[in-house]
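Nothing in this text is a laboratory measurement; each read-out follows from the coordinates by a stated rule. Every value quoted in this text rests on a predicted model; they were computed, and no experiment measured them. All Cβ positions, glycine included, derive from the backbone under ideal geometry; neighbour counts span all protein chains shown.
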Amino acid sequence: MTEKLLAVFISTHETLRAERMFKEAKIRVRATIKPRKISSNCQMAITFSPDKIKDIRKTVKVNGLKLVGSYKKDADGEWIEIN
């Protein structure tokens, strides 16, 4: 299974806006349901491949998107925040 990272935003509206911005920037992403273990008011997240993290961060910054955090699964299958 290919490793995927998650980007979580402050709201569903912001998640959908981010998805649109990423697709316009030709970054392959997918909107998905956010795991319950990750604390946020939003019920959605964006999944993406680890090699796209710099592109994701650049697009977030350039477009003023309100990112709560980025996450990956650890060896035990728990979601942990990454810097």
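Were the residues from ASN63 through ARG28 laid out at 0.36 nm apart, the gain over their Cα-Cα distance would be 10.9 nm. Each part gets one Cα centre, and for the range 62-83 versus the range 1-52 those centres are 9 Å apart.
Counting only alpha carbon atoms, the long axis of helix 12-24 and the longest principal axis of the chain meet at about 70°.
Our summary gives the chain a relative contact order of 38 percent, counting only alpha carbon pairs under 8 angstrom and 6 or more residues apart. Annotation: lysines with alpha-carbon distance below 17 angstrom to LYS52 (same-chain offsets under eight excluded): LYS4, LYS23, LYS26, LYS61, LYS72, LYS73. Cβ-to-Cβ counts within 10 Å put GLU19, GLU81 in ascending order as GLU81, GLU19, the fewest first.
Counting neighbouring beta carbons within 10 Å and listing from fewest to most, the residues ASP76, ASP55 come out as ASP76, ASP55.
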